[in-house]
Amino acid sequence: MFNAPKPPLRPLGEILRLRRWWVGMCAALVLAACDVQNISELEEGFSTEADVREKMGEPEAVWDGPDGALYEYNRQPAGHRNYMITIGPDGRMASLRQVLTPENFARVLPGMDMTEVRKMLGKPMKVTTYDARGETHYDWRYLDGPNSSDSKIFTAVFDRGLKVVSTGSVIDPELERNR
C-alpha cells in the first residue's frame, strides 16, 4: 500500500496567531455590523440619552464637553472605530462622531496633555511604556480607506509628564503577520 506524504504541520505559534487574528476579525465585524444598525437608529436632536444607552450600551467614559456630556464608545483593540456622542443640556443627542480619522490625528500636537488626546480619540488599543526612554506610546487602530486591508496604527508618543512629543501612523503590523 502506498502512503502519500503528509503535508508539513504549521508551528503552534502560527496556528495560535491565525486563530487570534480570525477571532479578532470576527469580533470586529460583529461590532461593526451592530454599530451600523444601532447608529442608524439614533438621530441627532431627537434621540435621548436613554436611547443612546439602549442602542450603544454603557459608555467607556463620560467626559465634560463644551456642548454637554461627551460619551465615549470604544471599539479598540479589535475594531477600527471609536465614537464620541455628545448629549446636550436638554438630554438629547447633539452629535455622534467616529473620531479615529486622519483629520483628528492631525489635531494631536506636541505639548498636548494625554487627557486632551484621550477625550479627542477615545481609549487606545494599546499603551506601551518605555522607561529607559521616558516615553509612553498610545496606539489606536483605524481604517485609512474602505477595506480591512487599509488598517493602520496611529501612535501618540508622550514624555514622562504625559505631554505629546510626536505622532505618526504605520501600516497595521497584523496585516503582515496574517498573510
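Couple of notes before you dig in:
- Checked against (1) surrounded by 14 or more Cβ atoms within 10 Å (Cβ to Cβ); (2) closer than 22 Å to Ala78 by Cβ; (3) touching a residue at least 12 places away in the same chain (Cβ under 8 Å); (4) of a type in the set (D, E, K, R), Lys126 meets all criteria but (1).
- The single condition from (1) free of Cβ contacts under 8 Å to residues at least 12 places away in the same chain; (2) touching a strand residue (DSSP E or B) at 6+ places or on another chain (Cβ under 9 Å); (3) of a type outside the set (S, T, N, Q); (4) within 19 Å of Tyr138 (Cβ to Cβ) that Asp64 fails is (4).
- Elements of type strands (runs of 3 or more DSSP E) contained in segment 87-179, each with 3 or more residues being farther than 30 Å from Glu41 by Cα: 126-130, 135-143, 151-158, 164-171
- For segment 31-53, the condition of being crowded, with 19+ Cβ neighbours inside 10 Å, assigned to a helix (DSSP H, G or I), at pLDDT 95 or above and not basic (Lys, Arg) holds for at least one residue.
- Residues that are under 28 Å from Asp113 (Cβ atoms), under 15 Å from the mean Cα position of the chain (by Cα) and not charged (D, E, K, R), drawn from segment 128-150: His137, Tyr138, Trp140, Tyr142, Leu143
- So Met93, is it among the hydrophobic types (A, V, I, L, M, F, W, C) and under 16 Å from Trp63 (Cβ atoms): yes
The values are calculated or read from the model by the stated rules, or taken from the named source; none is laboratory data. Just so it is clear, the model here is predicted, and its values are computed rather than measured. Positions of Cβ are generated from backbone atoms using ideal geometry, with glycine treated the same way; all protein chains shown enter the neighbour counts.
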